[in-house]
Amino acid sequence: MSRPTGKAGDPPAKQLLHLVFGGELRSLDNHEFRNLQKLDIVGVYPSYASAYAAWKAKAQQTVDNAMVRYFIVHLHRLLDPNSDTRARQG
């Protein structure tokens, strides 16, 4: 399986996994969900840009319900906490 690459001749890009999920909050003052069984797991994405597009689409679908929030979790930071990907992302 080949890894994604940038411009011709560039080294393969590192896979930076992101999780998009959301649900209804108990209150607007914290990030505690009303019902964990009803969390909406949107998906896992290979880049922040693709995760952001999915997050934005879900957030726009639920704009009429102020209690519903969606989040992006940087899974790559949890999987490899010693790496500093922020410097490479620009």
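The values are calculated or read from the model by the stated rules, or taken from the named source; none is laboratory data. Predicted model only: the values in this text are computed from it and were never measured. Because the Cβ atoms are built from the backbone with ideal geometry, glycine has one as well, and the counts that use them run over all protein chains shown.
Quick notes on this one:
- Filtered residues of segment 66-90 (kept if among the hydroxyl-bearing types (S, T, Y) and at pLDDT below 95): S83, T85
- Pair list, Cβ < 9 Å and 6+ apart or interchain, from segment 43-54 residues that are β-branched (V, I, T) to residues that are in a strand (DSSP E or B) and crowded, with 16+ Cβ neighbours inside 10 Å: V44/H18; V44/L19; V44/V20
- Among residues of segment 55-76 that are farther than 11 Å from V20 by Cα, none has a beta-carbon under 6 Å from a residue that is among the small types (G, A, S) at least six positions away or on a different chain.
- Hey, V63 modelled with pLDDT of 90 or more and in a loop (DSSP other than H, G, I, E, B) or not: yes
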